[in-house]
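The values are calculated or read from the model by the stated rules, or taken from the named source; none is laboratory data. From a predicted model like this one, the values you see are computed outputs, not experimental measurements. Because the Cβ atoms are built from the backbone with ideal geometry, glycine has one as well, and the counts that use them run over all protein chains shown.
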Amino acid sequence: MKSLQPKNPKDSLTVSTRIVLPNDTNTLGNLMGGNLLSWIDLNAAICAHRHSGRVVVTAAVNNVSFNQPIRLGDFVTLESKVSRAFSSSVEVFTDIFVENRSTGEKQKCNEAIYTFVAVDQIGSPIHVPDLVPETAEEKKRFDAALRRRQLNLILAGKMKAEDATELKALFL
């Protein structure tokens, strides 16, 4: 197996902007959550593909925070970056911003964390490059990703709680 070159989060940065149209909203004029999830999934999948250089499949929607409604006519910008790479999976963190159309100022309104698995031509998991975080925020997200992974493995019965060293360190 050939060695994969490590990458930085900026190498996977994927940014897209959408306008909320009437068919995207509920009866209150707010963006429907399912539409936002779809937009995030597409943006984050492109991000994961950029990191891995392979076809990726969505493995988990780890967290989505709907902190503030997004209104009809709003410009919505999604910024996705790989936060951590494991053997065949990558965790992607997406920040969601709403743009003030008068000032152009962007305000963060939501965030999401998805996990993708890179696969080969027959759908089997394949190795992905390591990730080397650079900024303080990237390092914080990198460390937190391991704790989230350990918790998910425990909940799935694939890891014993006593083996989750990163999680234990939070409590001891």
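Among the residues of the range 97-125 satisfying the criterion of being surrounded by 17 or more Cβ atoms within 10 Å (Cβ to Cβ) and aliphatic (A, V, I, L, M), which is farthest from the chain's Cα centre (by Cα)? My answer is VAL98. The set of residues from the range 81-96 being assigned to a strand (DSSP E or B) and buried (at least 19 other Cβ atoms within 10 Å of the Cβ) comprises LYS81, VAL82, SER83, ARG84, ALA85, SER89, VAL90, GLU91, VAL92, PHE93, THR94, ILE96. Is it the case that the range 41-55 has a residue that's of a type outside the set (Asp, Glu), within 16 Å of the chain's Cα centre (by Cα) and over 30 Å from GLY123 (Cβ atoms)? Scanning the range 41-55 turns up no residue that is of a type outside the set (Asp, Glu), within 16 Å of the chain's Cα centre (by Cα) and over 30 Å from GLY123 (Cβ atoms). The residue pairs whose first member lies in the range 154-172 and is farther than 23 Å from ARG141 by Cβ, whose second member is of a type in the set (A, V, I, L, M, F, W, C) and part of a helix (DSSP H, G or I), and whose beta carbons are closer than 8 Å, counting only pairs six or more residues apart or on different chains, are LYS160/ILE154; ALA161/ILE154; ALA161/LEU167. For the range 136-171, the set of residues classified as surrounded by 13 or more Cβ atoms within 10 Å (Cβ to Cβ) and not charged (D, E, K, R) consists of PHE142, ALA144, ALA145, LEU146, GLN150, LEU151, ASN152, LEU153, ILE154, MET159, ALA164, LEU167, listed by residue number. ILE19 fulfils the conditions (1) surrounded by 13 or more Cβ atoms within 10 Å (Cβ to Cβ); (2) touching a residue at least 40 places away in the same chain (Cβ under 8 Å); (3) in contact with a strand residue (DSSP E or B) (Cβ under 7 Å, 6 or more places away or on another chain) except for a single criterion, (1). Residues in the range 55-80 that are in contact (Cβ under 8 Å) with a residue 60 or more places away in the chain, surrounded by 16 or more Cβ atoms within 10 Å (Cβ to Cβ) and over 26 Å from GLU134 (Cβ atoms): 1 in all. In the range 61-81, is there at least one residue being among the polar types (S, T, N, Q), modelled with pLDDT of 95 or more, touching a Lys or Arg at 6+ places or on another chain (Cβ under 6 Å) and closer than 21 Å to ASP143 by Cβ? There is no residue in the range 61-81 that is among the polar types (S, T, N, Q), modelled with pLDDT of 95 or more, touching a Lys or Arg at 6+ places or on another chain (Cβ under 6 Å) and closer than 21 Å to ASP143 by Cβ. Buried (at least 19 other Cβ atoms within 10 Å of the Cβ) and farther than 16 Å from LEU78 by Cα: is that true of SER12 in this structure? Against the criterion (buried (at least 19 other Cβ atoms within 10 Å of the Cβ) and farther than 16 Å from LEU78 by Cα), SER12 does not qualify.
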